[in-house]
Amino acid sequence: MKNQAPFLDVSSFIAEEVSRLPLETSAPPSSPFLSLYESEEGGGLVDPETEEYVAFLNEFYDEEFHQALSTLVNEAAAIYETSFPHEQEDPQTIAYQAERLLNQHFAPLVAEAETKLEALARELSQRDPNTLTEDEIETIVDRYQPAVELTPNFEEFLGKLWKGVKKVASKAVDLAKKGVSFAAKLGLGPILNKLKAFIKPLLKRVVQTAIDKLPSQLQPIAQKLAEKVPFLNEFEESHNHASSNAATCNACRIQHEFNQQVANVLFARSEVEQDLEVARVLTEHDGDNTYPLAELDRARGQFVENLRRLKEGEDPTPHVENFLPAILPALRIGLKLIGRKRVVGFLANLLGKLIGKFVDPQHAGPLSQAIVDAGLKLLQLETTPEDAAQAAAEAVAATVEETMRRVAAAPDYVLDNQELLEGFALEAFEHAAAANLPPVLPAGTYVKRPDLVEAKKHGGTWVMMPRGRRKRYKKFSRRIPTRLTPHKVLNLDTSEGNSLGEVLEEQLGVEPGEEVEAFVHLYEAIPGTSLSDISRLENNTVGLDNEHGQLHPLTIEAAELLLGEPGLGRETNGGNASDQHTATAGQRFYHVQIPGKRALTVPGRAGRTKKRGPTRVRLILDFPKNEIRIYLFLSEIRAQEVAVKLRQHTHLGMVVARLGHLAERGLRKALTRGFGRLKIIHDAVTPDQWTTAFSRVPSVVPETFLGRLQEWVLKGLTAHLKQHGEEFIKAAEDTADGVTIMITLGNPPGFPQLRQALKGKGFSLTSLKMTGSEPAVNFKITPGYSHE
């Protein structure tokens, strides 16, 4: 806490205790097949069927299905925003109408998927699962193409769905041969018929996500399985890593839920349990649902209107008291405050006093003018006095929201201690005011407290966007000119995990070493923001063009290098910050606009174009198969660079060194940032724990593992390109975008010990050094992007 807050001298809140109301949460559905573990040597976990179930969840999760679901969510959200622009109506009424419209929109997709699954089930029901091979399953499934013309997005989704069906059928065949589950005894036909029932709920979840309808049942995998697979939850608690991915990534949550439903049927112990699972899926979506983001939009609009109508000397506290309850449900971290009415009451009184001087009619004028001067007119064609007054009230509302978000993230010991809470809340308000209010205090205050101003060089302020009641993000009121030099962009990370310099070369066609003049646009997420919202609604910003891959995290380092304003940067929390489809409230992003440059594109499906892919690495740790798979995708520019050097018979060590640098950077990002780059198929790790799994072992282990991976990749690449350089040249000559080098490391030393370590079982650092014998290394080079 600062010694003195410049906004207000506040005395401590009244200390009476109010009984806390426990949060009401619905009991998570458990997996019907699972049984409690039996002990082994005082706590080991030995249920092989459960381990097989968890491993299947990891194997079943698919990056391309995630992309397809994200596309459908974004499509539905765009229809929702366009078709229901009237914010004044009741959120429940709007959401009901929107859900009906979007269900009709997806009806052809549901019908096609159900029809094809039913036909596929009939054919496979005539086949003996004990004799079917994976190749036969793939041939049969591939025959079932859409019978009607569908939109490209629908076709893309169906293609990824059939890929999942192949995995389910192959797993059922595997279980049949092992005699593990009851589902195998039924045959493939009955299994697929039951899965057909999940299609409509799956698309319904897409619709609900698009309109911000958040059912209470949606929980991370580890939480859903905690009752039956306690070690999954114990790992999360013991290492203090809440599963942030599942909490923030919409498409991830949908796929996690769908995958569990499929696994529950596949591993059920009886047909009754299968039928119960189907019935649960069909009925749970009809329970109580809320629209927290729509309610927040409504409450924010009402709060802003009430602030504008305040009379001189009128206390804004009652309006703050009405506004705060709408903020908390939209903040997942804010749920713990709902049961602390004493804390919420104190915050309402505190914030009411703190904002009083900004909303009182005597003082509101200077704030409005300051916002206009900070660049409000740059965001819209006209700035009337009404616009300025509206923006001022919205800035105060944003300050209240951010204060609540910061306080809600405080540890329990702060929330339960009067003095600590008061100090924390005052400091939270100061940070929120610095972010959302332009300089309106006496100049001497900012001399003594420079931390109360974020943008010291460029001016500007953050404004809720778009204009109107339904807000989706904040935008900085000024675009900031900058000169991009090789030094600035060399090691600055982007959303893809590679450097900004590489992005500029590979996706915008900037020459290596070239210095260019650019403009930087800044954005900030609020509750419910997705990056596709920003790219879709910022349709006048050159270079975005619905490409959210052009939005990069505005870290403190990025703000310093690009803008000379480190105070504008925000560090991100959790591995999911690298997921291009989602954003956490408070997270900031930047978009670089270079006059005369647009993203390089290649032909896509159905006559559409798509952005050229950047260099990236995907790492798959497949413990059941005892192998590691690395997919090194080289962008078109990088692939041609390598091909030219191979044609010119450049020293092979130099070629491999360049590839090794790209591989090392990508592998490091996979092990540290995880999402979209790392997949772990393991019997004690679920997909929402991939980014935190290595916290279960000493920190030296991932670094040692990375070093061994780099060694195996470099040695293998050298040997392979020495004998098969023409294979790479041929792939680079293909018209596909870029080249993928797939590297398979079979039986790597120390890998079984690492598998046990991730289970929490005993291990030694010596065994995890992965020394001794060499893995079996195989390469496959293909045109275009491939990941598994």
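The values are calculated or read from the model by the stated rules, or taken from the named source; none is laboratory data. Just so you know, these numbers come straight off a predicted model, no measurement behind them. Backbone-built Cβ (ideal geometry, glycine too); neighbour counts: all protein chains shown. Remember, those area values only see protein heavy atoms, side chains included, never the ligands or the DNA or RNA. Shrake-Rupley method; radii C 1.70, N 1.55, O 1.52, S 1.80 Å.
The Cα-based radius of gyration and maximum Cα-Cα distance (Dmax) for the range 254-411 are 22.4, 73 Å. Sorting the segments 350-363, 525-538 by their residues' average number of neighbouring beta-carbon atoms within 10 angstrom, most packed first, yields 525-538, 350-363. Put R300, R308, R605, R755 in order of accessible area, highest first, and with a 1.4 Å probe you get R605, R308, R755, R300. Separation of the range 671-704 and the range 86-134, taken as the distance between their Cα centroids, equals 33 angstrom.
Residues Y473, Y413, Y144, ordered by accessible area of protein heavy atoms at a 1.4 angstrom probe radius and largest first, appear as Y413, Y144, Y473. Our summary gives the range 654-788 a relative contact order of 27 percent, counting only alpha carbon pairs under 8 angstrom and 6 or more residues apart. Cα centroid separation, the range 728-753 to the range 590-641: 14 Å. Full extension of the chain segment joining Q640 with N778 gains 47.4 nm, where the gain is 0.36 nm per residue of separation less the Cα-Cα distance.
Ligands, DNA and RNA are left out, and with a 1.4 angstrom probe the accessible area of the range 630-788 is 40 Å² per residue. All Cα-Cα distances of the range 692-734, cut into 10 Å bins from zero to the largest, leave 24, 30, 23, 19, 4 percent in each bin in turn. A Förster radius of 22 Å, combined with the Cβ-Cβ distance separating T283 from D412, puts the computed FRET efficiency at roughly 0.05.
Could you rank I781, I79 by how accessible they are, 1.4 Å probe, largest area first?
I79, I781
The phi torsions of the range 252-269, fed into the Karplus equation with coefficients 6.51, -1.76 and 1.60 and a -60° offset, translate into couplings of 4, 4, 5, 5, 4, 5, 4, 4, 5, 4, 4, 5, 4, 6, 5, 9, 4, 8 Hz, rounded to whole numbers, with Gly and Pro shown as x. The value for the range 322-368 of Rg(Cα) / (2.2 N^0.38 Å) is 1.42.
Entry note: the range 410-568 has Rg to Rh equal to 1.02, where both radii use alpha-carbon atoms and Rh is the Kirkwood radius. The packing ranking, built from the mean of other Cβ atoms within 10 Å per residue, places the peptides 318-327, 615-624 in the order 615-624, 318-327, highest first. Holding the Cα-Cα limit at 26 Å, pick out from K488/K715; K488/K730; K163/K611; K171/K679; K167/K722 the pairs that are longer than that. Correct reply: K488/K715; K488/K730; K167/K722. Computed in the context of the full set of protein chains, the accessible area of the range 396-475 at 1.4 Å probe radius has 57% of its extent on carbon or sulfur. Y96 exposes around 140 Å² of accessible area when a 1.4 Å probe is run over every protein chain in place. The 3J(HN,Hα) values that the Karplus relation (6.51, -1.76, 1.60; θ = phi - 60°) gives for the range 115-121 are, in residue order, 4, 5, 5, 5, 5, 5, 5 Hz. Gly and Pro appear as x.
When the surface is traced with a 1.4 Å probe over the full set of protein chains, M742 keeps roughly 50 Å² accessible. Placing dummy labels 7 Å off each Cα toward the beta-carbon, the span from K457 to I556 is 1.7 nm.
Ordering 480-489, 433-442 by mean Cβ neighbour count within 10 Å, with the highest value first, yields 433-442, 480-489.
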